[in-house]
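No value in this document is a laboratory result; all are computed from the given coordinates. The structure displayed is predicted, hence computed values, not measured ones. Cβ placement follows ideal geometry from the backbone for every residue including glycine, while neighbour counts extend to all protein chains displayed.
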Amino acid sequence: MTDADQVELARRAAAGERAALELLWRLHRRFAAAVLLAHLPRRADLEDLLQEVAVSLCEHIGELRQPERFLPWLRSIALNRARSSARRESLRAHAAASLDALPAEPAGPAAGNEDATRAAAARALELAGRLDPDYGEPLIMKCVRGLSQRQIATALGLSEAAVETRLARARRLLRRELEQEEAVLPSRRVAAPRTSAADRAEA
Amino acid sequence: MSNQPEEVLIHRAIELTASAADWADLDAAALRDPAVLQRLASALQDEGDLRRGVEERLAAAERVALPQAKARRLPRAPAWLGWAAAAALALIWSASGFLDEPAKHASPLRDAGSPAPERGPALAGDGVLSLDDLRLVSNDTLGELPSMMLETRPAADGRGYEVIRLRRTLERLHVDQIFRVAEDEHGNAVPAQWTPPVLSERM
């Protein structure tokens, strides 16, 4: 679908055409999810927040005045949801801190039991989410299938050259974070599956 | 020579957007410092990890659909509007003249085949209420509240002023029945006969 098609779709959706809105959402919900991922408090539920974005989109699509700027508009909705969630998380964390007898959260599966590839992927995403959003957000957006560097530039209100510079720097920052984490917490490095002869003998 | 920083060259190599000049620069940089190739390899690995991490989380986005379009509902009216609507309906009913022409003003809610009661409820077909048309059982003017000046301007003929004021008269009306606006199971506004509480002491 060309950019012109998408603008037309956004225009029809803003005019109240439900089918156009449905298609627009299917095209861009991954983009909205990527924005949430870049700004999400770690404990927030992505699916719940994305549902809030969908509801907000339905409620406010009639207010879209510039269909060609649908992506930045959708991003602002997702950003607002992420910030609201961050405030809620902050309040919850504050309340939890004041409760001495708060039961500890159940521990997640140990990294050593996870598939090494999945663990490395989750770790890369977590560290990308910890980067300054100016760098982390375009880096996460870049991983959304079908989203071009030009569309990222439009969504962020930047030039393509600026996005390229940020992406290049973001990669370097991510590598530095990964190296620092490995240096400080070598035990968090993903262990290879226990398939040694000793393990087999133990079994 | 493209003279780009190393991080940009690596970014372009990963994005497959590196030009011949970019590759030449990268080759030259690797000759000077072989660790450049290691950084390129690490960046490629980080890219793969991050893409997998983002993809895994974004799979949740595919499950989030737009909420179903809701049937249009009447906006919640302020409490006083119920009273106003009741009074208006009562006046309309009284003024509709159905006493003279019951068939013409028959309620659309009534079965077509059933005989119209002699003084049954009626809905104003045109919705226009004119004081001249009122056929109240009785109507006493009890007094007038201080008027409110809304607008003044020189008269069109140049003599004196045109004044628009709001007069609030206090009247006692006597109607046979009072109706309120209620909602049926589809959310449509329908009149419902109503027995009001005593609002104030008799004047």
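Could you run the Karplus curve 6.51 cos²θ - 1.76 cosθ + 1.60 with θ = phi - 60° over region B:12-17 and give me ³J(HN,Hα) per residue in whole Hz, x for Gly and Pro?
5, 4, 5, 7, 6, 10
Sort A:2-10, B:3-11, B:146-154, A:120-128 for me by packing, meaning the mean count of neighbouring Cβ atoms within 10 Å per residue, highest on top.
By packing density, highest mean first, the sequence is A:120-128, B:3-11, A:2-10, B:146-154.
Taking every eigenvalue of the Cα gyration tensor of region A:1-74, multiplying by 5 and rooting it, what semi-axes result, largest first, whole Å?
Equivalent ellipsoid semi-axes, largest first: 23, 13, 10 Å.
With r defined as the distance between the Cβ atoms of B:GLU185 and B:GLU144 and R0 fixed at 41 Å, what FRET efficiency is calculated, to the nearest 0.05?
0.40
Within 10 Å of each Cβ in A:169-175, how many Cβ atoms from other chains are there, averaged over the peptide?
Mean shielding by partner chains, rounded to a whole number: 6.
Taking amide H atoms as placed 1.01 Å from N in the peptide plane, list the residues 5 or more away in sequence, or in a different chain, whose amide H sits under 5 Å from that of B:ALA182.
B:VAL190, B:ALA192
Normalising by the residue count of region A:1-97, find the relative contact order in percent from Cα pairs under 8 Å and 6+ residues apart.
35 percent
Calculate, in nm to one decimal, what A:ARG176 and A:ALA161 gain on full extension: separation in residues at 0.36 nm each, minus their alpha carbon distance.
That works out to 3.1 nm of additional length.
Quick query: amide H of B:GLN177 versus all other amide H atoms, modeled in the peptide plane; which residues come in under 5 Å with a sequence gap of 5 or more or a different chain?
none
Ranking request for peptides A:18-31, B:27-40, B:158-171: highest mean number of other beta-carbon atoms within 10 Å first, then the rest in descending order.
A:18-31, B:27-40, B:158-171
What number, in percent, do you get for the relative contact order of region A:114-190 if the mean sequence gap of Cα pairs under 8 Å and at least 6 apart is divided by its residue count? Could you put the intermediate results ahead of the total?
Values: 48 pairs, mean separation 25.7, N = 77.
In percent, rounded to a whole number, it is 33.
Considering the options A:VAL7, A:ALA34, A:PHE70, tell which one lies farthest towards the positive end of the dipole of region A:1-97, charges being +1 on Lys and Arg and -1 on Asp and Glu at the Cβ, about the Cα centre.
Of A:VAL7, A:ALA34, A:PHE70, it is A:ALA34.
Assigning unit charges at the beta carbon (Lys, Arg +1; Asp, Glu -1) and nothing else, what dipole magnitude in debye, to the nearest 20, does region A:1-97 show about its Cα centre?
400 debye
With a cut-off of 11 Å, note down the residues of region A:137-160 whose backbone N falls inside the zone around a label point 7 Å from the Cα of A:ARG11 toward its beta carbon.
Within reach of a label on A:ARG11: no residues.
List the residues whose amide H sits under 5 Å from the amide H of A:ALA15, counting only those 5 or more places along or on another chain, with H placed 1.01 Å from N in the peptide plane.
HN-HN under 5 Å from A:ALA15: empty list.
Nearest 0.05, what FRET efficiency do B:ALA24 and A:SER148 give at R0 = 35 Å with Cβ-Cβ as r?
0.85
With r defined as the distance between the Cβ atoms of B:ALA13 and B:GLN68 and R0 fixed at 51 Å, what FRET efficiency is calculated, to the nearest 0.05?
0.65
Please compute the average number of Cβ atoms from other chains found within 10 Å of each residue's Cβ in peptide A:55-67.
The shielding value for this peptide is 1.
Note down the net charge around A:GLU160, summing +1 for each Lys or Arg and -1 for each Asp or Glu among other residues with Cβ under 13 Å from its Cβ.
Taking every other residue near A:GLU160 into account, the sum is +2.
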